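No lab work stands behind these numbers, since they all come straight from the coordinates. All figures in this text were calculated on a predicted structure; none of them were measured in a lab. Quick reminder, even Gly has a Cβ in these numbers, built from the backbone with ideal geometry, and neighbours come from all protein chains shown.
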Amino acid sequence: MRQGYTVSSLELDPAWEFFADTVMGGLSTGQVSQESIAGRSATRLTGEVSLENNGGFVQMAFDINPDGSDFDGSAYHGIQVDVLGNDDVYDLRLRTSDLTRPWQSYRASFNATSDWSTVKLAFTDFIPHKTDVPFDARHLRRIGVLGIGRVFDADVAISSVRFLATID
């Protein structure tokens with residue numbers, strides 16, 4: 001970063017994609033749709049999370065850079081999402097190029113209330129999952145929102161995703 005130059009936030013333009021545990025034999029179902037919800041344009045993840053057949057998740061995710069290359073997020077300290085949901089808990093997951101297995105990630109949970117709210121998560125809030133590799137914001141690749149780990153009906157919408165230089 002140039003000396004004397006401060007970046008306060010960076011609005012992302014995600015191309016969300018749907019994934020479910022069916023990639024590994026699970027039986028969860030769902031979809032991602034573009035909708036106008038309570039006056040905002042949003043991407044909505046809905047689905048039924050099933051634990052049958054070793055399943056347990058539905059997900060919407062996007063590559064930060066459209067070509068899948070690394071994004072240097074070292075100028076930022078966290079992520080902010082504008083979210084609406086069904087008053088349930090969801091995961092926000094980050095992936096970096098340092099991770100070599102599809103089940104590895106950095107995870108933080110958030111509550112998706114039934115009114116639009118803003119959730120701010122510092123990079124230090126993300127816990128490594130199935131990896132000993134420390135989180136390095138210089139190698140960010142992918143962001144995902146998941147309904148995971150228990151039988152429930154997922155319903156969460158995101159209208160905005162931003163990187164934040166400061167978390168207050």
Requested in this report: Would you order L45, L84 from fewest to most other beta-carbon atoms within 10 Å of each residue's own beta-carbon?
Outcome: L84, L45
Query raised in the report: Considering the dipole of the chain built from charges on the beta carbon (Lys and Arg +1, Asp and Glu -1) around the Cα centre, which of N65, Q34, F18 is farthest to its positive end?
Result: N65
Report summary line: Normalised per residue, the volume inside the convex hull of the alpha-carbon atoms of the chain in Å³ amounts to 115
Query raised in the report: If you take the alpha carbon radius of gyration of segment 66-110 and divide it by 2.2 N^0.38 Å, what ratio comes out, to two decimals?
Result: 1.39
Query - Kirkwood Rh and Cα Rg combined as Rg/Rh, segment 69-168 - result: 0.96
Requested in this report: Subtracting the Cα-Cα distance from 0.36 nm times the residue separation, let me have the gained length for D70 to L51 in nm, one decimal.
Outcome: 3.6 nm
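Report, in debye and to the nearest 20, how large the dipole of the chain comes out about its Cα centre when Lys and Arg carry +1 and Asp and Glu carry -1 on their Cβ.
380
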